[in-house]
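Following: one structure in structure tokens, then a few remarks.
The values are calculated or read from the model by the stated rules, or taken from the named source; none is laboratory data. Keep in mind that this is a model prediction, so the values were computed, not measured. Neighbour counts run over all protein chains shown; Cβ positions are idealised from the backbone, glycine included.
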Amino acid sequence: MTRFALAITAFLLSACATHAAEPAESAGAGAMKMHHEPHVMRHESAADFETTLAQLKGAVEARGFKTFAVIDHAAGAASVDQPLRPTTLIVFGNPQGGTPVMQAEQLTGLELPLKMLVMEKPDGGVALVWRDMAHSFHEYGIDDHPAADKMSAALEAIAQEAGQGD
């Protein structure tokens, strides 16, 4: 092997080892960071997919957020004759809360509006999944923006409400 190939191999192995060693952490009641995606939050739903999705829409609306889009990924997959377990993304927000964040750093427009994914897992369970906004803000250099905690708390509360059983 050339030195270049050896260097690339060593880099890839060290990157994989570092990534795999990241601990899965608890992030509040019912939510947890996913082991292989440490900046993605997950809440296991006690309800079925359709109930969870309906409860998510209700929880978003009850908090005064506007739903900008509902993206049914399974329907998209079906349109090209591909199978996909139920997977729906809800895109929602409030310009009053999001605009100051984008004024602080316009690139946060890549993260906003807020998003939450409802997905049926291979075992038949249902999970609500979203990005850790505090980490997202950190990535854009706005660690101390007051909206980070508010958005994180809102996403957590929405997920808990949407994931309630019957």
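Of the residues that sit in segment 89-109 and are part of a strand (DSSP E or B) and more than 12 Å from the chain's Cα centre (by Cα), which one is farthest from residue 52 (Cα to Cα)?
Among residues in segment 89-109 that are part of a strand (DSSP E or B) and more than 12 Å from the chain's Cα centre (by Cα), the one farthest from residue 52 (Cα to Cα) is 93.
Tell me which residues, restricted to segment 39-58, are under 15 Å from residue 152 (Cβ atoms) and touching an Asp or Glu at 6+ places or on another chain (Cβ under 9 Å).
Pass one, segment 39-58, residues under 15 Å from residue 152 (Cβ atoms): 39-43.
Those that are under 15 Å from residue 152 (Cβ atoms) and touching an Asp or Glu at 6+ places or on another chain (Cβ under 9 Å): 39, 40, 41, 43.
Need pairs with beta-carbon distance below 7 Å; first residue in a helix (DSSP H, G or I) and within segment 48-62, second charged (D, E, K, R) and surrounded by fewer than 22 Cβ atoms within 10 Å (Cβ to Cβ); sequence gap 6+ or separate chains.
Listed pairs, sorted by first residue: 49/120; 51/166; 55/161; 59/161.
Identify the residue in segment 143-166 that is among the small types (Gly, Ala, Ser) and part of a helix (DSSP H, G or I) and, among all such residues, is nearest to residue 48 (Cα to Cα).
The extreme case among them is 162.
Please give the number of the condition residue 112 fails out of (1) closer than 27 Å to residue 48 by Cβ; (2) within 17 Å of the chain's Cα centre (by Cα); (3) modelled with pLDDT of 95 or more.
The failed condition is (1).
Mind listing just one residue for me: the one in segment 119-142 that is outside any helix (DSSP H, G or I) and charged (D, E, K, R) and, of those, nearest to the chain's Cα centre (by Cα)?
Going through segment 119-142, the residues outside any helix (DSSP H, G or I) turn out to be 119-132, 140-142.
Add one more test, that the residue is charged (D, E, K, R), and what stays is 120-121, 123, 131-132.
Numbers: 120: 15, 121: 15, 123: 20, 131: 3, 132: 7 Å.
Across segment 119-142, the extreme among qualifying residues is 131.
Could you grab me the full set of residues in segment 124-166 that are among the acidic types (Asp, Glu) and either in contact with an Asp or Glu (Cβ under 7 Å, 6 or more places away or on another chain) or at pLDDT below 95 (or both)?
Quick first cut of segment 124-166, residues among the acidic types (Asp, Glu) only: 132, 139, 143-144, 149, 156, 161, 166.
Within segment 124-166, 132, 139, 143, 144, 149, 166 qualify.
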